[in-house]
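Structure first, commentary second.
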Amino acid sequence: MKKNVTKAVFPVAGLGTRFLPATKSVPKEIMTLVDRPLIQYAIDEAREAGIEEFIFVTSRGKGALEDYFDISPQLEHFLRKKGKHDLLEILESTNMESGKVAYIRQNMPLGLGHAVWCARHLIRDEAFAVILTDDVITAEKPCLLQMIEAFQEVGGNIVAAMEVADEEVSSYGVLDIKDDIGKMVSIGGMVEKPMPNQAPSNLAVIGRYILTPSVLDRLESLAPGASSEIQLTDAISDACKSGEKVFGLRFQGRRYDCGSKQGYLRATLSIALSRAELRDDLEDFIMNSLKKPGRSEGG
Ligand code: UTP
């Protein structure tokens, strides 16, 4: 029988300091790519991969996230009365079924590993997914679905992996590769944010994981690591070292780091250009702006 992964943890308790002042009052996850908040891209990917239970690890000031997933009776009534059925449909697609969403508080931003650990009582003894909403991935087959299919073949823990340039390794968790079998690599360890000359490879982890509950036990006893935070990377690396199976999947797709301004702008452009109703106008605007730098644009 195929092993299913039906629970996903979304750690959204970070402070989002790279987007200050915007994130002073708006959670980063509510910032939009064109017209949908970052969190919606993550939810859609999870749903397409068969996730049924959505666990958000939140913090103070993230109330807008809970409201976003709630039904909005007044707005729905208004749109129905005005006959705006297309907008109503869009709105309804953002509602989450009662009992399928849980919110857990991380009281202090002690790191990604700590945030995942906060969800331990809702995970119990099943393999589960972790999705970082900062990483938006455009792909023919959703990245998480690719990972769940790989998990059904090989089991163990799986991290999404991507080749990065030498000068970029120090921004990522980097894989120590034991065995390279093409699409997948088996991992002997992971190093968080290594110096380029100390990186075990150029294969970096990005924000999608399938983890076994043993990683939660490891997080329990972990001391703070890089940046004085409890690192998820360290718990996964421990699992490798104790002989647990851990794989990196070279996923198919394009990943945008929407936790950084550059990545966020790239994702905005890419998604806008993929929308038929926006493409021509945006292309013209970009071409004109590049031809005549400094020209001011109305409208
Ligand atoms: P980041 O490292 O991007 O931190 O976290 P951040 O606070 O979101 O943003 P910056 O760096 O200050 O701009 C990666 C992911 O881990 C979550 C974040 O919400 C984000 O999804 N996270 C991080 C937590 O949930 N709790 C933490 O203690 C740290």
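Listed values for the stretch 156-173 are Karplus-derived 3J(HN,Hα) couplings in whole Hz (6.51 cos²θ - 1.76 cosθ + 1.60, θ = phi - 60°), namely x, 10, 10, 10, 7, 10, 8, 6, 10, 5, 3, 6, 9, 4, 6, 9, 10, x, and x replaces Gly and Pro.
Under 5 Å between amide hydrogens, built in the peptide plane, is the criterion, and for ARG105 it picks out THR58 among residues at least 5 positions away or on other chains. Axis of helix 261-273 versus longest Cα principal axis of the chain: the two differ by about 60°, to the nearest ten degrees.
For the stretch 178-299, what is the per residue volume of the convex hull drawn over the alpha-carbon atoms, in cubic angstrom? Walk me through the numbers on the way to the answer.
Working: hull volume 24.2 nm³, N = 122.
Hull volume over Cα atoms, normalised by residue count, gives 199 Å³.
Modelled this way, with points 7 Å down the Cα-to-C-beta line, the labels at ARG18 and GLU97 are 3.5 nm from one another. Remark on VAL136: its backbone amide H falls under 5 Å from those of TYR256, CYS258, a criterion applied only to residues 5 or more positions apart or on other chains, H modelled at 1.01 Å from N.
Return one number: the angle in degrees, 0 to 90 and rounded to the nearest 10, between the long axis of the Cα atoms of helix 143-154 and the longest principal axis of the Cα atoms of the chain. Orientation of helix 143-154: about 30 degrees from the principal axis.
Under 10 °C and 1.306 mPa s, how fast does the stretch 61-144 diffuse according to Stokes-Einstein, given a Kirkwood radius computed over C-alpha pairs? Answer in µm²/s, whole number. Answer from the Stokes-Einstein relation: 99 µm²/s. Taking the charge dipole of the stretch 244-295 about its Cα centre, with +1 at Lys and Arg Cβ atoms and -1 at Asp and Glu Cβ atoms, the residue from GLY248, ALA276, SER260 reaching farthest to the positive side is GLY248.
Could you check what % of the DSSP bridge pairs in the chain are antiparallel, to the nearest 5?
Numbers: 28 of 45 bridges.
Once the DSSP bridges in the chain are tallied, antiparallel ones form about 60 percent.
Highest mean packing comes first when the peptides 53-63, 278-288 are listed by Cβ atoms within 10 Å, giving 53-63, 278-288. Coupling constants for the stretch 238-245 follow from the phi torsions by the Karplus curve (6.51 cos²θ - 1.76 cosθ + 1.60, θ = phi - 60°), and in residue order they are 4, 4, 4, 5, 8, x, 6, 6 Hz; glycine and proline get x. Above 26 Å, the calculated P(r) of the stretch 1-137 contains 26 percent of its Cα-Cα pairs.
When TYR172, TYR68 are sorted by how many other C-beta atoms sit within 10 angstrom of their C-beta, beginning with the fewest, the order is TYR68, TYR172.
Please go through the stretch 65-169 and write out the trypsin sites (Lys or Arg not before Pro) that DSSP classes as loop and that have at most 10 other C-beta atoms within 10 Å. All intermediate terms of the calculation are to be shown ahead of the outcome.
Details: sites: ARG80, LYS81, LYS82, LYS84, LYS100, ARG105, ARG120, ARG124; in loops: LYS82, LYS84, LYS100, ARG124.
When the trypsin sites (Lys or Arg not before Pro) of the stretch 65-169 are filtered for loop state and at most 10 Cβ neighbours within 10 Å, LYS82, ARG124 remain.
Structural size metrics of the stretch 109-246, computed from C-alpha coordinates, are Rg and Dmax of 14.2, 40 Å.
Applied to the stretch 35-41, the Karplus parametrisation 6.51 cos²θ - 1.76 cosθ + 1.60 on θ = phi - 60° returns per-residue 3J(HN,Hα) values of 9, 10, x, 3, 4, 5, 4 Hz, with x for Gly and Pro. Taking 29 Å as the limit for the C-alpha separation, the pairs LYS193/LYS241; LYS100/LYS141; LYS178/LYS261; LYS3/LYS62 exceed it in the case of LYS178/LYS261; LYS3/LYS62.
Amide H to amide H, with H built 1.01 Å from N, GLU192 comes under 5 Å of VAL174, counting only residues 5 or more places away or on other chains.
Tell me the mean residue ellipticity at 222 nm calculated for the chain from its helices only (DSSP H runs of n ≥ 4, each -39500 (n - 2.57), averaged over every residue, nearest 500).
Details: 11 runs with 103 residues, N = 299.
Value at 222 nm, helices only, nearest 500: -10000 deg cm²/dmol.
The convex hull of the Cα atoms of the stretch 160-234, projected and averaged over all directions, covers 5.2 nm². For the chain, the average shadow cast by the Cα convex hull is 18.6 nm², which is a quarter of the hull's surface.
Coordinate-derived values only; no laboratory data. Keep in mind that what you see is a predicted model, and the values were worked out from it rather than measured. Here the Cβ is made from the backbone with ideal geometry for all residues, glycine too, and neighbour counts use every protein chain on show.
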